[in-house]
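A short worksheet on the structure shown next.
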Amino acid sequence: MTQLFEPVGCAVDLETGAISNATGAYQKRFRDLAGLYADEAAFAAMQGEWDDTVVYEVSEFRPNERSGDLIFGVTRMLPGKVGAEYFVTRGHIHRQSDRPEIYYGQKGRGLMLMESPDGEVRIVEIDAQTVCYVPPYWIHRSVNVGDDELVMLFCYPADSGQDYDCIAKAGGMRARIVDDGKGGWRKVDNPNWRMRDAATIAALYGQQQKEETA
């Protein structure tokens, strides 16, 4: 007999980025983001004031991690820059890389910076009442390019998982988002980025797993 789970409603607090009935939450403080930004000297100079500050936090509802279910929650990120580069999240690709994700902007002004395993870059702007679709196989990172907190609701398949190392092993994402000096943003190349080898690209596309189970 099929086991039914109880339905639930979760209220979103736009000021705190929290949801009611959450099953979990986590925070990333400024010190946790060492190595993400190009200007390491600027990061070091900010640590005295920012070190313990929570730059972004997640409140989520995770019923289970079974195929066919959903995980959803809210991300809240402070505005700010390290040097000219806007605050970002760590970013990830899903461990089950063919799983998509939806983000819904509720407050602030942000971007979803995306990169394919073989280095194509895409950017979707996210304002309040904007839905961003992250397709399967795309590495993705949130960027706050506004003057206010960025608050977004997210939802993805419960069995997706996260892989953070794919970014670090490539020297970061291929593009960085910086202040254009005119009240906006621009994309610049990351000179430390390295093209992934063929085996890594195939694994991120899930091809290795498919071949082994064929």
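The values are calculated or read from the model by the stated rules, or taken from the named source; none is laboratory data. Quantities reported herein were computed from a predicted structural model and do not represent experimental measurements. So basically every Cβ, Gly included, is an ideal-geometry build from the backbone, and we count neighbours across all protein chains shown. These accessible areas exclude ligands, DNA and RNA; they are computed on the full protein's heavy atoms, side chains included. Shrake-Rupley method; radii C 1.70, N 1.55, O 1.52, S 1.80 Å.
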Gyration tensor over alpha-carbon atoms, region 1-52, equivalent ellipsoid semi-axes in Å: 39, 14, 8
Rg/Rh ratio calculated on Cα atoms of region 121-181 (Kirkwood radius): 0.96
Heavy-atom surface of region 132-197, accessible at 1.4 Å and reported per residue (Å²): 45 Å²
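Would you please put 137-148, 170-181, 24-35, 155-166 in order of how densely packed they are, using the mean number of other Cβ atoms within 10 angstrom per residue and starting with the highest? Don't jump to the answer; show the numbers that get you there.
Values: 137-148: 20.2, 170-181: 18.5, 24-35: 13.6, 155-166: 16.3.
Ranking the peptides 137-148, 170-181, 24-35, 155-166 by packing returns 137-148, 170-181, 155-166, 24-35.
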Accessible-area composition of the chain, carbon plus sulfur, in percent [1.4 Å probe]: 49 percent
Accessible area (Å², per residue) of region 53-121, counting only protein heavy atoms and a probe of 1.4 Å: 35 Å²
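How large is Rg/Rh for region 59-131, to two decimals, with Cα atoms and a Kirkwood Rh?
On the way: Rg = 14.1 Å, Rh = 14.5 Å.
My calculation puts Rg/Rh at 0.98.
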Residue 187 - accessible surface, heavy atoms, 1.4 Å probe, Å² rounded to 10: 100 Å²
Compactness index (Cα Rg / 2.2 N^0.38 Å), the chain: 1.05
Separation in nanometres of the label points that stand 7 Å from Cα toward Cβ, at residue 133 and residue 186: 3.2 nm
Rg in Å to one decimal, and Dmax rounded to a whole Å, for region 138-214 via C-alpha atoms: 16.4, 53
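Net charge near residue 160, counting Lys/Arg +1 and Asp/Glu -1 over other residues with Cβ under 12 Å of its Cβ? Let's see the in-between values first.
Numbers: positive: 62, 66, 95, 99; negative: 65, 69, 98, 101, 159, 163.
Once all neighbours under 12 Å are counted, the net charge is -2.
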Alpha-carbon centroid distance for the pair region 49-77 / region 162-210, whole angstrom: 22 Å
